[in-house]
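Asker: What follows is a structure written as structure tokens; I'll ask about it next.
The values are calculated or read from the model by the stated rules, or taken from the named source; none is laboratory data. Fair warning: this is a prediction, and the values are worked out from it, not measured in the lab. Cβ atoms come from the backbone with ideal geometry, glycine included; neighbour counts cover every protein chain shown. With ligands, DNA and RNA removed, areas are computed over all heavy atoms of the protein, side chains included. Shrake-Rupley method; radii C 1.70, N 1.55, O 1.52, S 1.80 Å.
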Amino acid sequence: MAVFVYVGVALAIAVLIFFFMKSSKEMPKNWSQFVSELKVQHCGFVGIIEDLFLRGANKVALYKQPGKIALITGGNRGIGLRIVKKLVECDIEVILGVRNPAEAKKVVEKYLEHSKVASGAKLHFEQLDIGSMKSVRTFAGKIQSKFDKIHILINNAGVMCVPFKLTEDGFESHMAINHYGHFLLTHLLLPQLRAAGTRDSRARIVNVSSCVNKIGEINYNDINMTKNYYPAEAYNQSKLAQVLFTKHVNLQFEEDEEPIQAHSLHPGVVNTDLFEHSSTTYIPWVRQLLFKNPEQGSRTVVYAAIAPELEGKGGTYLSNCRVASCHRFWKNSVQCDKLFQFTCDTLGIKDFFHKAK
């Protein structure tokens, strides 16, 4: 009888964990989605454990770098806000691409003042909807007209497990915001990155991905997932795309001896508004207890952007400020190239590595 009691309790706990820790508030509609949800929860659980045991490695040394310019998408909340603070502490000039520049300016300046960061920080706020390719082009045009060099490009803005939606361009929102928009922005700002990089100090591209890239699959036959949409699968796909994109462009930079390197990373399982569509909103204290806080989540991003020990070591995938393993396709140049060419075709980019017309 005791055995049945223990089994019953274990099953009850498992059901509660499944329901309250789901990646979205939607329930799986079929077996495939159910399996995907289990994979996401397993990946998240492993991520939390790794964050706990590797917290001693999750450190980034800040040092003064006057004269450098960094551009970050987002940056007015979550880990982005903490990334901006660290960059400012390094005397780096920061450009923020945000939806509402006026509101973002108030939030960021108030946060920096409250954090007692030295006054005189050079901040620029420009309007950007990263999910709109028209907005990305307009934003890039403004940056090109105002800045000759960009030393660091941090592709940070993103969404996670949101309900199905097609953007104005007809793209599924996860792919549009997490991948397509940043892919296009990187393409358009390559001249500024080239101009900033040198043989001894390469310009850096930092793509903020997620540990779920490991379980992602690129659905080339239905990239918008219109036939069988599940938020977690769409999110995983977009995060895998970021990793494959990073690896491909870095290989090309090395082949062409370009003064640019690219990194992708997992910031950790971080307690931010990114989880607003997950069922963890029902028990927020669990996130506060188990997840990283935004400051801790910002460290690997800044590490990828400035760490001297990464100089000349582009193409790496990072987690907790160290090189980590990611999707099996990361080492498959054919798969990386396939995703890259698919994205170029989707966005109408004929020559990604040359100066945009």
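Asker: With respect to residue 345, determine if the residue is open to solvent by 50 Å² or more (accessible area, probe 1.4 Å), of a type in the set (D, E, K, R), closer than 20 Å to residue 258 by Cβ and modelled with pLDDT of 85 or more.
Answerer: So residue 345 fails the test.
Asker: Also, quick follow-up: For a quick check of your reading of the model, give me the residue pairs whose first member lies in the stretch 151-165 and is closer than 17 Å to residue 93 by Cα and in contact (Cβ under 8 Å) with a residue 40 or more places away in the chain, whose second is part of a loop (DSSP other than H, G, I, E, B) and open to solvent by 30 Å² or more (accessible area, probe 1.4 Å), with beta-carbon atoms closer than 9 Å and at least 6 apart or on different chains.
Answerer: 151/67; 151/68; 151/201; 152/68
Asker: Let me ask you something else. How many residues, within the stretch 74-116, are in contact (Cβ under 8 Å) with a residue 60 or more places away in the chain, in contact with a Pro (Cβ under 7 Å, 6 or more places away or on another chain) and not aliphatic (A, V, I, L, M)?
Answerer: Within the stretch 74-116, residues that are in contact (Cβ under 8 Å) with a residue 60 or more places away in the chain, in contact with a Pro (Cβ under 7 Å, 6 or more places away or on another chain) and not aliphatic (A, V, I, L, M) number 2.
Asker: Grab the helices (runs of 4 or more DSSP H) fully contained in the stretch 81-200, keeping just those with 1 or more residues being over 30 Å from residue 312 (Cβ atoms).
Answerer: So the answer is 101-114, 133-146.
Asker: Looking at the structure I just gave you, is residue 247 open to solvent by 20 Å² or more (accessible area, probe 1.4 Å), in contact with a Cys (Cβ under 8 Å, 6 or more places away or on another chain) and not aliphatic (A, V, I, L, M)?
Answerer: yes
Asker: Shifting gears a bit: Among the residues in the stretch 315-323, are any modelled with pLDDT of 95 or more, open to solvent by 20 Å² or more (accessible area, probe 1.4 Å), more than 19 Å from the chain's Cα centre (by Cα) and closer than 26 Å to residue 218 by Cα? Walk me through how you get there before you give the answer.
Answerer: If we filter the stretch 315-323 for residues that are modelled with pLDDT of 95 or more, which is where we start, we get 315-323.
Checking the rest, the ones that are also open to solvent by 20 Å² or more (accessible area, probe 1.4 Å) come to 316, 322-323.
So of that shortlist, the ones also more than 19 Å from the chain's Cα centre (by Cα) come out as none.
No, the stretch 315-323 contains no residue that is modelled with pLDDT of 95 or more, open to solvent by 20 Å² or more (accessible area, probe 1.4 Å), more than 19 Å from the chain's Cα centre (by Cα) and closer than 26 Å to residue 218 by Cα.
Asker: Something else now. Tell me yes or no: at least one residue of the stretch 41-49 is within 24 Å of the chain's Cα centre (by Cα), in a loop (DSSP other than H, G, I, E, B), at pLDDT below 95 and surrounded by 20 or more Cβ atoms within 10 Å (Cβ to Cβ).
Answerer: No; the residues of the stretch 41-49 include none that is within 24 Å of the chain's Cα centre (by Cα), in a loop (DSSP other than H, G, I, E, B), at pLDDT below 95 and surrounded by 20 or more Cβ atoms within 10 Å (Cβ to Cβ).
Asker: Can I ask one more? Read through the list (1) more than 21 Å from the chain's Cα centre (by Cα); (2) modelled with pLDDT of 60 or more; (3) surrounded by fewer than 14 Cβ atoms within 10 Å (Cβ to Cβ); (4) under 30 Å from residue 324 (Cβ atoms), then give the number of the only condition that residue 30 fails.
Answerer: Tallying (1) more than 21 Å from the chain's Cα centre (by Cα); (2) modelled with pLDDT of 60 or more; (3) surrounded by fewer than 14 Cβ atoms within 10 Å (Cβ to Cβ); (4) under 30 Å from residue 324 (Cβ atoms), residue 30 fails exactly one: (4).
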